[in-house]
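One structure below.
The values are calculated or read from the model by the stated rules, or taken from the named source; none is laboratory data. Quick caveat, the model's predicted, so the values are computed rather than measured. Please note: Cβ atoms are built from the backbone with ideal geometry, for glycine as well, and neighbour counts cover all protein chains shown.
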Amino acid sequence: MVKRDKKLSLFFYSGIYNKLYIMIKQTWEISNDERNRILSLHESATKNFYLMSEQDSSVQGVKKVFEIDENYTYWLSQVSYSRGGGYVDWTKNYFIFATDNQSSRSYQCKILEKNQKGIATKIEVLTDKPIPNLFEDSDMNEFIFSLKKTSKKTWAWGRYNEMTQKSYLGSEMEGDLQTGKWIYAVVIGGVPQAKPVDEERSGRYGKNYSINFDELEIGSVTPFNLETQGFISKYYPSGFGLFMPTTVSSYPIPPDFFKDPTPSKKPEFEEIKLDIQSPFEFDKTTLTPDAEIEFKKFIEKVKSNYQGVSGSVEVIASASIDGDEDQKRDYNQKLSDNRANTIANRLKTETGISTLNFIPKGIGQTDQFAKGMKYPEVKDVNQTAPNRRLIIKMPTLTKEKQK
């Protein structure tokens, strides 16, 4: 029988201790090492909740937003590509979630007020927007997507149930990162967090790619668990589906994330990105002469600023639509993949920086960058050129690092 420890309960916030007590009681058949690890994690979280509340006492209301009270445990989550990040960037999008201390159900929160630094000072718990739990067991899973077969080769992704529909927070095209991923609120391992969801057609994500797309009826809707299930087709024999990119970090906060020893002098961050509107020669992976000049300048900037810096660099390339979309879809996907691979390899070779991880991403044919500029409405390849896009997103640097 698990007994309550009076000394331990005095050290932990009541909300944390109660959850810890219940968790250990339910999973008592664990090793001593695992039990000690759990205790250590909660001890660290408790200390940092205290340190965070003391860190900026001049900010009225911050303590009230983030402390654990008798009703809710609050969390802060910010999607970021910076693997070495140690700060929340209050100038960019972040999300606050609340977990009911009695039911353990988590909810989205609405930020009602922020101070001049961008820190939330007043929030509202949205009890009509419960956050779905993601489980590998499909019978327990609440975070459910669907595939609608629209033709022999095409499909549309959907949010299968009401909880998943309400958990949608927006896309990165609407926010700061601009890579087209969708952001959802989801509970993973008991922690509510903002997570990107993206499409993959590589079959490399360790799931069961066993749903036969070719056997589905056109117009049918198939629910699936993005964590464990994927699709297979003669057009994509390796498999395809949805996944949560591992190159993107989502930070659920217990606020040990707030490590700035001098918050009044919070470092400024600088984003270094290359975005060329019409970089590629038509139907080729080579850059135009003007784009080549821009690319060479960008290479020199990377070499000056990223020596010894680690992190992921996303290389995004697209193809314009200059023929029948259905007939050219696979060809243009391969063309955009080749463009992204070519640029990623050039970056790796010409910068000579081995600590950076260059990740190519071909996004296929699109007119998202120049709406309506596509076949058959437009037959001039010079007018569709802006949709042959190249975007290179580097890890964020502090301004004092940038030259």
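Okay, residues lined up against (1) surrounded by 15 or more Cβ atoms within 10 Å (Cβ to Cβ); (2) in a loop (DSSP other than H, G, I, E, B); (3) not assigned by TED's automatic domain parsing to the domain that holds Ala291:
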residue	(1), (2), (3)
Gln327	no, no, no
Gln333	yes, no, no
Ala344	yes, no, no
Pro360	yes, no, no
Phe369	yes, yes, no
Val378	yes, yes, no
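Could you grab me the full set of residues in region 131-151 that are surrounded by 13 or more Cβ atoms within 10 Å (Cβ to Cβ) and either assigned to a loop (DSSP other than H, G, I, E, B) or over 20 Å from the mean Cα position of the chain (by Cα) (or both)?
Within region 131-151, Ile131, Pro132, Leu134, Phe135, Ser138, Asn141, Glu142, Phe143, Ile144, Leu147, Lys148, Lys149 qualify.
Here's the yes/no breakdown for (1) surrounded by fewer than 16 Cβ atoms within 10 Å (Cβ to Cβ); (2) under 30 Å from Ser103 (Cβ atoms):
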residue: Ser167; (1), (2): no, yes
residue: Ala185; (1), (2): no, yes
residue: Gly206; (1), (2): yes, no
residue: Tyr209; (1), (2): no, no
residue: Leu216; (1), (2): no, no
residue: Gly219; (1), (2): yes, no
residue: Leu226; (1), (2): no, yes
residue: Ser233; (1), (2): no, no
residue: Tyr236; (1), (2): no, no
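Just to be sure I understand the filter: pairs with C-beta atoms under 7 Å, separated by 6 or more residues or on different chains, first member in region 74-95 and over 21 Å from Val197 (Cα atoms) and outside the structural domain of Lys122 (by TED's automatic domain parsing), second member of a type outside the set (Lys, Arg) and modelled with pLDDT under 75. Which pairs pass?
none
Which condition number does Ile183 fail, the rest of (1) of a type in the set (Val, Ile, Thr); (2) outside any loop (DSSP other than H, G, I, E, B); (3) more than 24 Å from Thr91 (Cβ to Cβ) being met?
Of everything listed in (1) of a type in the set (Val, Ile, Thr); (2) outside any loop (DSSP other than H, G, I, E, B); (3) more than 24 Å from Thr91 (Cβ to Cβ), Ile183 misses just condition (3).
Looking at region 145-171, I want the residues that are in the same structural domain as Gly219 (by TED's automatic domain parsing) and have a partner that is modelled with pLDDT under 95 and β-branched (Val, Ile, Thr) with Cβ atoms under 6 Å, at least 6 apart or on another chain. Which pairs are those?
Short answer, once both residue conditions are applied: Leu169/Ile183; Gly170/Ile183.
Kindly indicate the residue of region 380-403 that is more than 16 Å from Glu281 (Cα to Cα) and among the charged types (D, E, K, R) and also modelled with the highest pLDDT among those meeting that condition. Lay out the reasoning, then the answer.
Of region 380-403, the ones more than 16 Å from Glu281 (Cα to Cα) are 392-403.
Now drop any that are not among the charged types (D, E, K, R), which leaves 393, 399-401, 403.
Numbers: Lys393: 90, Lys399: 54, Glu400: 53, Lys401: 50, Lys403: 51.
Taking the candidates together, the pick is Lys393.
Can you tell me how many residues in region 186-205 are assigned to a strand (DSSP E or B) and either modelled with pLDDT of 90 or more or over 11 Å from the mean Cα position of the chain (by Cα) (or both)?
The number of residues fulfilling the criteria is 7.
Of everything in region 219-232, what is free of Cβ contacts under 8 Å to residues at least 60 places away in the same chain and in contact with a helix residue (DSSP H, G or I) (Cβ under 7 Å, 6 or more places away or on another chain)? Give them in sequence order. Steps first, please.
At the first step, the residues of region 219-232 found to be free of Cβ contacts under 8 Å to residues at least 60 places away in the same chain are 230, 232.
Across region 219-232, the qualifying residue is only Ile232.
I'd like the residue in region 117-127 that is free of Cβ contacts under 8 Å to residues at least 24 places away in the same chain and either more than 23 Å from the chain's Cα centre (by Cα) or within 14 Å of Ser104 (Cβ to Cβ) (or both) and, out of all such residues, is surrounded by the most Cβ atoms within 10 Å (Cβ to Cβ).
Ranking the candidates gives Glu124 first.
Can you find a residue in region 76-85 that is of a type in the set (A, V, I, L, M) and modelled with pLDDT under 80?
Yes; the residues of region 76-85 include at least one that is of a type in the set (A, V, I, L, M) and modelled with pLDDT under 80.
With of a type outside the set (A, V, I, L, M, F, W, C), farther than 21 Å from Asp290 by Cβ and at pLDDT below 90 as the only criterion, which of Lys348, Lys371 stands out?
Lys371
Which members of region 206-231 meet the condition of being of a type outside the set (Ser, Thr, Tyr), under 25 Å from the mean Cα position of the chain (by Cα) and not in a loop (DSSP other than H, G, I, E, B)? Spell out how you get there, then give the answer.
Going residue by residue through region 206-231, those that are of a type outside the set (Ser, Thr, Tyr) are 206-208, 211-219, 221, 223-227, 229-231.
Next, from what is left, pick out any that are under 25 Å from the mean Cα position of the chain (by Cα): 206-208, 223-227, 229-231.
Matches in region 206-231: Asn208, Pro223, Phe224, Gln229, Gly230, Phe231.
Looking at region 93-116, which of the residues that are crowded, with 17+ Cβ neighbours inside 10 Å and aliphatic (A, V, I, L, M) is nearest to Gly190 (Cα to Cα)?
It comes out as Ala98.
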